[in-house]
Amino acid sequence: MDAVEVIDVARDGIMVTLTVASPVMLVALAVGLAVSLFQALTQIQEMTLAFVPKILVIFVSILVMAPFMLSTMTGFMDRIADRIVASG
């Protein structure tokens, strides 16, 4: 395996990581922004109000996005396995 293949695998791994993580992170960002806006408008400065909705929404978004995440990671593993078979 030469340097070009290593860089290609690393780039593919980074793209898969971003593809899998970004939907959940964007949902967490949107909920965090909404909670912060709510806290600023109502002047309620409760610490648990910032964490509990985010945790619940992140859990639900992971459950909803699990098939997409699994298929993306499975495709990546298939590509890695094909490279291993091709180089051997």
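Data overview
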read-out: Qualifying residue in the range 44-59 (condition: surrounded by 12 or more Cβ atoms within 10 Å (Cβ to Cβ), of a type in the set (D, E, K, R) and farther than 30 Å from VAL9 by Cβ); value: yes
read-out: Odd one out for VAL9, checked against (1) in contact (Cβ under 8 Å) with a residue 12 or more places away in the chain; (2) among the hydrophobic types (A, V, I, L, M, F, W, C); (3) not in a helix (DSSP H, G or I); value: (3)
read-out: Scan of the range 10-43 for residues that are charged (D, E, K, R) and surrounded by fewer than 11 Cβ atoms within 10 Å (Cβ to Cβ), ordered by number; value: ARG11
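Each reported figure results from applying straightforward, stated rules to the coordinates on display, with no laboratory input. Here the structure is a predicted model, which is why all the values come from computation and not from measurement. Using ideal geometry, Cβ is built from the backbone for each residue, glycine included, and neighbour counts are taken over all protein chains shown.
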